[in-house]
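These notes concern the structure reproduced below.
The values are calculated or read from the model by the stated rules, or taken from the named source; none is laboratory data. Note that the coordinates shown come from a computational prediction; the quantities given were computed from them, not determined experimentally. Here Cβ is always computed from backbone atoms with ideal geometry, including for glycine, and neighbour counts include all displayed protein chains.
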Amino acid sequence: MNTETLKHKFEPCCLATTIGSLPHTDAARATRLMLKSTPEIPSWVQFPKRDFHENMMMQFTEGLPALVQDGDRISFSTLTENFAEQLTDFYERYLAATEEGQNIKNRSEALDSFSLSSRYAIGFSEFMARLAEPSVLGSAVMLKGQVTGPFTLGTNLVDQDGRCAYYDEQLRDVIVKTVTMKAMWQMARLGAFGLPVMIFIDEPSLLGFGKMTFLSISREDVILDINEVAAAIHAKGGLAGVHCEENTDWSLLMETDLDVLDFDAYDHIQGITLYPAELTRFFERGGCLGWGIVPTLDKNAAATETVESLLERFEEGIEQFVARGFDRDLLRRRALITPSCGAGGVLTELLAERVLDLLRNLSMTLRTRYGFAQK
């Protein structure tokens, strides 16, 4: 199934998936919990509290040239003596992994040089091991992976002078291509199980786009970079989504080639309703919305919300879109249910597990209420 066919056919119908992180340190146990709560669209788990290499600003830097590590901080050093050689090696591996004329074995070996090792992503290794077990994929319709987006990674990594790497044309290109390769590598590994694959591009730093800090970064550049990653995912037959926070400029993301926009539907639903014309075009080309309706950024909310209260909040959210002219049935069919953000930040393990239970039960309740469970 090619990407065009997939994205016009795929309607989540209130199925659930996770954003990625959990506060656990036991990878096997956390992966089992994730599979139990999201068996239809499972995702590998990120463990930021297990090791600093799993922090989202570190996890996808493996293989970047000219990186210097100082404790748990990393930065670029373009003054490194062999910087030119490292760049040459990087682009040679990139070209070997992407050029169709390459021998399949050589292309595969080059792609593996952009892999996620167990040191940086034990959750991916654990996920792959569990997927190979009989019956684990019994109800799965899709597999999900994730990468830190090029804007977020590029504006958080700095060079030797403390300047955002995104402002350096060469470093920005290296970052975009690294993110692209990490996505492609996941597509190849997850695609081996014979199910469609969806990769989320996590871009929390886009919340600051357009503000004083990033005034010199153009809208066109951000769209171009996200589209480069999305194009690689599409080329392998996958779907490309994005997760952003709070009141991001959603009109920018609606102009990209992304297939899923995951937003904070718990605290910040209004922001995404402000662009009805752009959202209409997004839906017309097969786009879906990820409703981050289960709270993860507020311990009290995670501890006290119920399926009933979240159901009410979801229905109120649907009505906000309907009031702006959107079809209620289309909104329900194109809805993916997710946590509002990763659960590996402020939540305890117990609260994160409660979030997973809420996520599962809310999805099942919505699917039963709307008649999707029988399909």
Review point. Would you call L356 of a type outside the set (G, A, S), more than 17 Å from P12 (Cα to Cα) and assigned to a helix (DSSP H, G or I)?
Key: yes
Review point. Do the conditions hold for Q170, that is, is it buried (at least 22 other Cβ atoms within 10 Å of the Cβ), among the polar types (S, T, N, Q) and not in a strand (DSSP E or B)?
Key: no
**Study point:** Selected residue (only one of I272, I233 is out of contact with any His (no Cβ under 6 Å at 6 or more places or on another chain), outside any loop (DSSP other than H, G, I, E, B) and either at pLDDT 95 or above or farther than 28 Å from A323 by Cβ (or both))
**Key:** I233
Point to revise | Qualifying positions in the stretch 24-45 - more than 15 Å from the chain's Cα centre (by Cα) and not hydrophobic (A, V, I, L, M, F, W, C) | key: H24, T25, D26, R29, T31, R32, K36, S37, T38, P39, E40
Check your understanding: If you take the residues of the stretch 112-123 that are over 13 Å from A28 (Cβ atoms) and in contact (Cβ under 8 Å) with a residue 60 or more places away in the chain, which of them is surrounded by the fewest Cβ atoms within 10 Å (Cβ to Cβ)?
Key -> R119
Check your understanding: Only one of (1) out of contact with any strand residue (DSSP E or B) (no Cβ under 8 Å at 6 or more places or on another chain); (2) buried (at least 16 other Cβ atoms within 10 Å of the Cβ) fails for P295. Which number is that?
Key -> (1)
Review point. Is it the case that D257 is buried (at least 16 other Cβ atoms within 10 Å of the Cβ), closer than 28 Å to A97 by Cα and among the acidic types (D, E)?
Key: yes
Check your understanding: Of the numbered conditions (1) assigned to a strand (DSSP E or B); (2) of a type in the set (V, I, T); (3) over 30 Å from R107 (Cα atoms), I217 satisfies every one except a single condition; which is it?
Key -> (1)
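Which members of the stretch 135-154 meet the condition of being surrounded by fewer than 23 Cβ atoms within 10 Å (Cβ to Cβ), touching a residue at least 40 places away in the same chain (Cβ under 8 Å) and hydroxyl-bearing (S, T, Y)? Explain how you work it out, then say what you get.
Pass one, the stretch 135-154, residues surrounded by fewer than 23 Cβ atoms within 10 Å (Cβ to Cβ): 135-142.
Adding the requirement that they be touching a residue at least 40 places away in the same chain (Cβ under 8 Å) leaves 136-142.
Of everything in the stretch 135-154, just one residue is surrounded by fewer than 23 Cβ atoms within 10 Å (Cβ to Cβ), touching a residue at least 40 places away in the same chain (Cβ under 8 Å) and hydroxyl-bearing (S, T, Y), namely S139.
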Review point. So F193 fits all but one of (1) crowded, with 17+ Cβ neighbours inside 10 Å; (2) modelled with pLDDT of 95 or more; (3) in contact with a helix residue (DSSP H, G or I) (Cβ under 9 Å, 6 or more places away or on another chain); what number is the exception?
Key: (1)
Study note, to complete from the structure: For the stretch 314-340, pairs from a residue that is of a type in the set (F, W, Y) and surrounded by 12 or more Cβ atoms within 10 Å (Cβ to Cβ) to a residue that is assigned to a strand (DSSP E or B) and at pLDDT 95 or above, with Cβ under 6 Å and 6 or more apart or across chains, are F314/I293
Check your understanding: Only one residue in M187, M181 is free of Cβ contacts under 8 Å to residues at least 60 places away in the same chain and under 21 Å from T61 (Cβ atoms). Which one?
Key -> M187
Review point. Inside the stretch 49-158, counting only helices (runs of 4 or more DSSP H) that do not spill past its ends, which hold 1 or more residues that are touching a Leu at 6+ places or on another chain (Cβ under 9 Å), over 30 Å from L252 (Cβ atoms) and of a type in the set (V, I, T)?
Key: none
Practice item. Only one of these is in a loop (DSSP other than H, G, I, E, B), within 18 Å of the chain's Cα centre (by Cα) and either at pLDDT below 95 or among the aliphatic types (A, V, I, L, M) (or both): L258, L252. Name it. Key: L258
Practice item. Looking at (1) outside any loop (DSSP other than H, G, I, E, B); (2) surrounded by fewer than 21 Cβ atoms within 10 Å (Cβ to Cβ); (3) at pLDDT 95 or above, find the lone condition where A30 falls short. Key: (2)
Check your understanding: Would you pick out the residues in the stretch 275-295 that are closer than 27 Å to N361 by Cα and either in a helix (DSSP H, G or I) or within 15 Å of the chain's Cα centre (by Cα) (or both)?
Key -> F283, C288, L289, G290, W291, G292
Exercise for review: Of the numbered conditions (1) among the polar types (S, T, N, Q); (2) closer than 30 Å to G287 by Cβ; (3) without any contact (Cβ under 8 Å) to a residue 60 or more places away in the chain, S43 fails exactly one; give the number of that condition.
Suggested key: (3)
